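Handing you a structure now.
Any read-out appearing in this document is the output of simple, stated calculations on the displayed coordinates, not a laboratory observation. Everything quoted here is computed from the prediction, not taken from an experiment. Here the Cβ is made from the backbone with ideal geometry for all residues, glycine too, and neighbour counts use every protein chain on show.
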Amino acid sequence: MLTEILPAYSIRFADGFADWRDAVRVSCQPLLERGAIEAGYIDAIIENVEKIGPYLVISPDVAIPHARPEAGARAIAMALLKTTTPVRFSDDPDHHARLLFAFSATDNHSHQRALRQLARLIMDEARFAQLQAATTAEAILELIASQPE
Amino acid sequence: MKIMIVCGNGLGSSLMLEMAVKDVLKELKSDAQVSHADLFTAKSESADLFLGAREIIDNLDDGSRKVASVKNIMDKVEIKAVLEPFLK
C-alpha cells in the first residue's frame, strides 16, 4: 500500500529549483534519511536522465525519480517533493513537474501494488487536481489513503 | 499480438503504462498480450509492437522493429489513439 511506504515525514515542500538535479537530490533525501537507499542511488537517477532523457516525467506535472534496485536500493520506500514552481527537466513544457515521487524498490515486483495505486490516483482527474492543490502532508496522505487500487 | 511496454528501468513507468494500456485494450475488446521491460532488455526481445514514452522509444527506434510512443503515459485517450491503428 502506498501509505505504508510514504509516511508523513517523507512528504516535503519546496519553492523551486534552478537545476533539476538539485530537485532530484532533495526529492530522494527522505529515502536516504530512512536508509532505504545509498547515496549512489541518487547519482544513478541523474546519470540515467542525462543518458536517456527526461523520461522520469511520466505525465503532466508528475515525475518519478527512481533507478534500478542494484543501483543502491535497500528497501521499498517512497517520498514526495511538491514544488511551487515546476522543476524543468528540459526546456519542453512536457518535461516540467511540481510533483516528484521518488521511490526505491528492491526487486521488480514488491513495489507494484503501491505504484498501481499511484497510477490510479494520477489517472483520476478529480483526485489528481486535489493532489495538485494540496498544501499540507496531511491533505496528501488523506487522498492517498482513500485511493482504491 | 504481443505488445512490449518499455521504460528506462523496467520497473516504474512501464508498470504504470502497462496498467493504462490494459485498461485501453479491455475497452477496445482486444486480446493483445502485454508485458514490460527496461530499455536494455527490450532491445533483445521480440514483440509485434514496442510502446513507451517518447524519449525511451527514440532510443529504441533503429528501424528494426515496430514502435509507437506516447507523450503522457497516464493519458488513456492518447494511448487509445496511438494503439488503435496497430490493432486493426
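Do you know which of the residues in the stretch B:31-40 that are more than 23 Å from A:P54 (Cα to Cα) and among the hydrophobic types (A, V, I, L, M, F, W, C) is surrounded by the most Cβ atoms within 10 Å (Cβ to Cβ)?
Within the stretch B:31-40, the match that is surrounded by the most Cβ atoms within 10 Å (Cβ to Cβ) is B:V34.
May I ask you to list the residues in the stretch A:91-109 that are within 20 Å of B:A20 (Cα to Cα) and exposed (fewer than 14 other Cβ atoms within 10 Å of the Cβ)?
Within the stretch A:91-109, A:H109 is the sole residue that qualifies.
Filter the stretch B:41-88 for residues that are exposed (fewer than 13 other Cβ atoms within 10 Å of the Cβ) and over 24 Å from B:K26 (Cα atoms) and give the result.
Once the filter is applied, which keeps residues that are exposed (fewer than 13 other Cβ atoms within 10 Å of the Cβ) and over 24 Å from B:K26 (Cα atoms), the stretch B:41-88 yields B:T41, B:S44, B:D62, B:G63, B:S64.
Looking only at the stretch B:11-23, which residues are without any contact (Cβ under 8 Å) to a residue 40 or more places away in the chain and closer than 20 Å to B:K66 by Cβ?
Within the stretch B:11-23, B:S14, B:E18, B:K22 meet the criteria.
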